[in-house]
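Some notes on the structure that comes next.
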Amino acid sequence: MRRVVFTIVIVAVVLFSIGPFMWILNTSLKSPQTIAERPPTIIPDLQTEFFAAAVDEHNFMRYVGNSAIVAGLTTLLAVLVGTLAAYPLARLRMPWRRGILSLVLAASMFPQIAIVGGVYRLLLKLGLLNTHPGLVLPYTALTLPLAIWILTSFFKEIPSDLEDSARVDGCGPLATMWRIFVPVAAPAVFTTAILVFIYAWNEFFFALLIMTDPAVQTLPVGIAKFPGEYMVPWGELAAAAVIATIPLVVLVLVLQRRIISGLTAGAVKG
Amino acid sequence: MRRIVLIAGMLIVGMALFGCGGSDTESGVTSVNLVVWKPNIPAAWDSALAMFHEAHPDIKIVREIGPHSSSQFHDLVAQKLRNQDPSVDAFLMDVIWTPEFAAAGWAMPLDERFPPSEQDKFFDGCIQADVWDGKIYGVPLNIDAGILYYRKDLLDQYGFEPPTTWAAMIDQIDSIQAGENDPNLNGFSGQFRQYEGLICDMLEIVQSNGGRLTEPESPETMEAIAFVRNELIGDAAPEGVLTYSEQESLDLFTSGGAVFHRNWPYAWSVSKESPIAGQVGIARLPSFKDDMSTSTLGGWRFGISRYSKNPDAAWTVVEFFTSPQMQRHFAVNAGRAPARKTLYQDSAVLAANPHFEEMYPVFETATPRPRTPVYPEVSNILQRFLHSALSQDDADLEALAAKAATEMETALGRVQ
Amino acid sequence: MNSERKAAYALVAPAVFIVAVFVLSPIVQAFINSLYRDTPFSPKTFIGLDNYRTLFSDSVATGTIEFTLIFVIVSTALEILIGLGLALVIHEHFKGRGLVRAAVLIPWAIPTVVAGVMWKYMLNDQYGFVNLVFYGSNVANYVAWLASEWSARMAIIGADVWKTSSFAALLILAGLQSIPEDLYEAARIDGANAVKRFFRITLPLLKPAILLALLFRMMDAFRVFALVYVMTQGAPGGSTNVLQYYGYQKMFPEQQFGYGSAVSVLVFVMIAIVATILIRTVRTRIYES
Amino acid sequence: MSTLELRGLTKRFGEIEALNAIDLTVDQGDFCVLLGPSGCGKSTALRCIAGLETITDGDVIINGDRVNEKTPKERGIAMVFQTYALYPHMTVRENLAFPLKMSKMPKDEMEKRVRDAASLLRIEPMLERRPRELSGGQRQRVAIGRAIVREPTLFLFDEPLSNLDAKLRNDMRLEIAALHRRLEATVIYVTHDQVEAMTLGKTIVVMNDGRIEQVGTPDEVYQRPATPFVAGFVGMPAMNFITGEIRNDAFEGNGFEIPVSVDHEGETLLGVRPEDINLGGDHGEGEVEIIENLGADRYAYLKETDTRKRWAVRLNADESVDVGQAVNLSFNVERLHLYADNRRLDVTSSS
């Protein structure tokens, strides 16, 4: 009896989580003829027309590539700079420590729309509009608070003996950070990387205004460009949504254990 | 440690190089940055660009492509111009933007390059839409106007002519629905989601009663709104039209779910490849009183940025894309209704778009939306007002209208 | 200055520089802008707190504030509850747990814009999945969910809850994993049944994790944007309009940068208040335990 | 030549003075134990020697070099920590090699040293494991190994055994002693455990409140504690104390008189170790509260009925008492400890 109830609960949980995604997958496999039927057909006719259209007509893989570059570089930069900052904030004696931390935290409380105008003007001056760094830098700035926060709380948990030992063994502060803290904090570094990557992969608003050259546009902007003036190609959108989501689904499938352990170790310690 | 610094350094230097890459000047070639939306039929634009480059080897067009949604594209272009981005030379403008872009000083007056003698060749409505404060700021690319689509087979079957009044349309719907007894068959579908399309649809209905959107409290306006709320939505039209833009409303019509449908000319070619192909007729939109049929004017034009460093080259581009030859190209290959009047006698255009002939008088009399630099705000006020009025059964129309009127007054007061 | 301090500053510098340049300086600009009338159609003028006065007197703005608060409260409450449920399930040991865990994380990984488009499509009154689930093939009963005030509000909240409950679940799961197994054994020996064990042990010990999830979720919920932008654009009327979308409408389509900045400052202040309270509570909870 | 010399070593944390002008000399090959209760400054002293803390005042001299401004690495020291501080992401081999790697030692030399240390500590089979796969004792050996490979001038141990269980602590203690003899190294060893101090130390430095109370061999510290603090701190159970006065060559207090011959008159503290008290006599009396049987030794804890004063007494093999029994006590007057003004009084002769 208990088993049955539990199984039902599990099925419900899975349906709740992936039901909508499965429906979009289903839609993406329909054909233009069956997509607007009412009531909607449950079994798709397994056509790949929409995928072909998304990839060929809308050149979707280029957006995927751009998103990979932008999200990858953002992750690299945010984790690197975040680690550099989190180490002294957690371990070294420095004045203004609390001030810097609260300032960084406050930065993460501001609505994005208030920032985008200033960022645009800045990028214009730097000539970085329509370049990958033009997105990577603001994304890094926007994700740094989270990165610093997670990494700082994790670094704080590392026993000070380890640090002293490294110093006795001949490490300066930097070598201690690089050779001891970063590897020891690998789960937290990893979690941070995942969170940053997902943010950068998904961000739409900055990307819309900063990237107008199709050669550098990212995936959410690519999807926003699918509808024509009066037309919403639902099937192609569904196919694009599937393509946009699958890398993350794979990421989550492969890495769920590490995501969970990283958060367990890091974030909750607050 | 040195390694970290090195990696960080490389990253930053690399990014800087990346950023400064893609320089746009080759010797002797001027580049023109053209901000356009993602076209419905990309091939037509690609070939147009190729033609331009062949004709003007000294100019290179760099296309920046945004979403086709008018509001998203507006935000994009406005953002660039507000920040005096010198990398914008020419851009597409929706018909409703000219006052805003002119008053803000973003668009360049084109009177010297685009003299009245040339303007006369375009629909008057398009030209009027591009004028602000006595100067012209845009060159029309295409024209759009709302029309009524109807199910010819059903109307024929019941012996009806296309209705000229809204009341007649409702009567016809009642008879046809009674006769068909099909729960899937609605009477009417249109665009009543809270977005710019709502303004277009409601302007047509309100003005066909002699009302004005800018005068929400006038009896004619109120009467028209009450008609839509009480007799159209939730009755002749499904309640869902409150969430429809063009695609959803057309889906309903082409899947055989509606007798009448309001849309732009593009829907004609879409319906030809749908389950109801061959059973579709087009007519002027109905009105409340005789000869009051109103169609909202739409369409796109090119503007040139005041911050452009190459206005002459930009003009060459604009002139080329709005030329008779290119408007014919877009009409034939992308189904866009030309803004130039003479093309409506062009055999190639008419062969590809036979319905243009019927549309000509509609285009000629298409009605512009309110013209003000603060149009986006006025539009938002009206959208909120109209959508509340239509979606809430218990809404106090007069109170809503009074509020909208005050809000519009405040908005208009912002322009000095 | 000693070498450790020098190193500390040198290490923090890049982060502070990037955040200062790309976030803090625009924020300062926004604060200053919020005191001006700043549109392209008239000279920029200093108007003191007028923008804020409008913000609290204009009925559209107050309606937006109201729904923002409803959204924040209802969606975070549901997210924490559902997140707790999800966490309890994926904390159990069973065959295929890895796959179920991955499944639970999927909504969190889907781009918000994509999720919004998905939900809008699924809520369609003609071919929407939601109608199929509720009414099967009985097309006549299909509902236009986004056409009326309360169902549209529920739809926005529902989409957000679907998208982010799994993030709350992740944080709460992390908290669950830190509860030592001995406690449950001790309680079992003391004769506490499963329900009592949940309320007497699990819930109190989860408080820090739950508060943390609450903090994260609330900070995000105040800034909800993409779902509204994609699904309703504030419709019907202004009933699903939220502050960040309202601010966006003012700043970008309507080009009222001063007033839009005031809206974003208000969002910031609201978040700062809630965050301060929650962070204080989280701290004291941790010291207590 | 002395290996380590501290001259007026002072460390302040803000207002708090952790070390107050410490002077100490440690010779080559010495095993010097810093002993004291927690918070006495012994660990701070060790960290100052290691270079992990900057010093406020005074000098640290290692092998004749003033090293105040030098980094830990440049001081030629190695340190073993209470929590072992093994790097969890490295294997045992990598842990051992890490300090050598940091000093850019040639690879073959490095490997040889790691091998030697591993064989010395009998941890060769675990070289490829990670610290979390090792037992506490094994981890401790690795931690010591990591110190050995550097062949330092000075070994610093910071309470290295306090995380081990009792049995293991004994074994490791013997191992450390053996290791010290073999390596003939100079060791500074911090502990709060007097058994460790007595068994390991050649020299014991008893510290309290940021000052050195006494420096001496284990025997000296036990037999002739220099201050009341040392007298009370060293020895288990702790020494019994009686306050009284010396007048006319006799100590008066607690209702008895013991003739003493010291160069002092007035207020005096008398200390007597539990093993120097016998049953019977008139130096004290009390009721037996608890009897502790440690196997080899038995101790009785007494409480005086009227003064509530407590006594700890070691019972001789032939003595037997019961809980609740009232007994009289007498001191072994040859072995009394007298203190005045916080200083030991030298007994010139006794009667």
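Summary table below
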read-out	value
Those residues of region C:142-169 which are among the acidic types (Asp, Glu) and modelled with pLDDT of 95 or more, in sequence order	C:Asp160
Filter result for the condition that a residue is over 26 Å from B:Gly138 (Cα atoms), out of contact with any Gly (no Cβ under 7 Å at 6 or more places or on another chain) and either at pLDDT 95 or above or not small (Gly, Ala, Ser) (or both), over B:His387, B:His355, B:His329	B:His355
Residue, farthest from A:Leu105 (Cα to Cα), within region C:14-34, restricted to residues that are more than 8 Å from every other protein chain (Cβ to nearest Cβ) and surrounded by fewer than 19 Cβ atoms within 10 Å (Cβ to Cβ)	C:Ile32
A:Phe6 vs. criteria in contact with an Asp or Glu (Cβ under 9 Å, 6 or more places away or on another chain), part of a helix (DSSP H, G or I) and either within 9 Å of chain C (Cβ to nearest Cβ) or touching a residue at least 24 places away in the same chain (Cβ under 8 Å) (or both)	yes
Candidates D:Ala85, D:Ala97 - the one that is part of a loop (DSSP other than H, G, I, E, B) and within 13 Å of another protein chain (Cβ to nearest Cβ)	D:Ala85
Entirely in region B:327-416, the helices (runs of 4 or more DSSP H) that have 1 or more residues that are more than 9 Å from every other protein chain (Cβ to nearest Cβ) and over 18 Å from B:Ile199 (Cα atoms)	B:347-352, B:355-364, B:397-413
Restricting region A:100-126 to residues that are modelled with pLDDT under 85 and of a type in the set (Gly, Ala, Ser), the residue that is farthest from C:Tyr246 (Cα to Cα)	A:Ser102
Test for B:Val241: is it within 11 Å of chain C (Cβ to nearest Cβ) and in a helix (DSSP H, G or I)	yes
Test: A:Asp161 is surrounded by fewer than 21 Cβ atoms within 10 Å (Cβ to Cβ), among the acidic types (Asp, Glu), within 7 Å of another protein chain (Cβ to nearest Cβ) and closer than 20 Å to D:Glu53 by Cβ	yes
Residues located in region B:99-126, provided they are away from chain C (no Cβ under 14 Å) and either in a strand (DSSP E or B) or within 15 Å of the chain's Cα centre (by Cα) (or both)	B:Phe122, B:Gly125, B:Cys126
Residue in region D:151-190 that is nearest to the other protein chains (Cβ to nearest Cβ), counting only those that are in contact with a Gly (Cβ under 8 Å, 6 or more places away or on another chain) and among the charged types (D, E, K, R)	D:Asp165
Qualifying positions in region A:23-49 - more than 13 Å from chain C (Cβ to nearest Cβ) and of a type in the set (A, V, I, L, M, F, W, C)	A:Leu29, A:Leu46
Odd one out for D:Thr307, checked against (1) within 23 Å of D:Arg247 (Cα to Cα); (2) in contact with a Pro (Cβ under 8 Å, 6 or more places away or on another chain)	(2)
Selected residue (only one of B:Phe227, B:Phe192 is at pLDDT 95 or above, under 30 Å from B:Ala399 (Cα atoms) and part of a loop (DSSP other than H, G, I, E, B))	B:Phe192
In region C:186-228, residue farthest from the chain's Cα centre (by Cα) [restricted to those that are of a type in the set (Val, Ile, Thr) and over 30 Å from C:Arg153 (Cβ atoms)]	C:Ile189
Odd one out for A:Phe155 among (1) surrounded by fewer than 22 Cβ atoms within 10 Å (Cβ to Cβ); (2) within 14 Å of chain C (Cβ to nearest Cβ)	(1)
Test for B:Val270: is it within 13 Å of another protein chain (Cβ to nearest Cβ), hydrophobic (A, V, I, L, M, F, W, C), surrounded by fewer than 22 Cβ atoms within 10 Å (Cβ to Cβ) and in a helix (DSSP H, G or I)	yes
Failed condition for D:Pro152, given (1) free of Cβ contacts under 8 Å to residues at least 60 places away in the same chain; (2) under 32 Å from the mean Cα position of the chain (by Cα); (3) outside any helix (DSSP H, G or I)	(1)
Residue check, C:Val133 assigned to a helix (DSSP H, G or I), closer than 14 Å to A:Trp23 by Cα, more than 7 Å from every other protein chain (Cβ to nearest Cβ) and without any contact (Cβ under 8 Å) to a residue 24 or more places away in the chain	yes
Check on B:Met359, in the same structural domain as B:Gly105 (by TED's automatic domain parsing) and either in contact with a strand residue (DSSP E or B) (Cβ under 6 Å, 6 or more places away or on another chain) or within 20 Å of B:Ala267 (Cβ to Cβ) (or both)	yes
In region B:178-195, the residues that are more than 10 Å from chain C (Cβ to nearest Cβ) and more than 32 Å from the chain's Cα centre (by Cα)	B:Ala178, B:Gly179, B:Glu180, B:Asn181, B:Asp182
Some residue of region B:46-69 being more than 9 Å from every other protein chain (Cβ to nearest Cβ), of a type in the set (Phe, Trp, Tyr) and within 20 Å of A:Lys225 (Cα to Cα)	no
Odd one out for C:Gly175 among (1) within 14 Å of chain B (Cβ to nearest Cβ); (2) in contact with a helix residue (DSSP H, G or I) (Cβ under 6 Å, 6 or more places away or on another chain); (3) not hydrophobic (A, V, I, L, M, F, W, C)	(1)
Residue match in region B:61-71 (condition: within 17 Å of B:Asn142 (Cα to Cα), in contact with a strand residue (DSSP E or B) (Cβ under 9 Å, 6 or more places away or on another chain) and assigned to a helix (DSSP H, G or I))	yes
Out of C:Gly247, C:Gly237, sole residue that is buried (at least 24 other Cβ atoms within 10 Å of the Cβ) and either more than 8 Å from chain B (Cβ to nearest Cβ) or at pLDDT 95 or above (or both)	C:Gly247
Scope region A:210-234; condition at the interface with chain B (Cβ under 7 Å from one of its Cβ atoms) and part of a helix (DSSP H, G or I); matching residues	A:Ala224
Which numbered condition B:Val259 fails, given (1) away from chain C (no Cβ under 14 Å); (2) under 22 Å from the mean Cα position of the chain (by Cα)	(2)
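The values are calculated or read from the model by the stated rules, or taken from the named source; none is laboratory data. Here the structure is a predicted model, which is why all the values come from computation and not from measurement. Quick reminder, even Gly has a Cβ in these numbers, built from the backbone with ideal geometry, and neighbours come from all protein chains shown.
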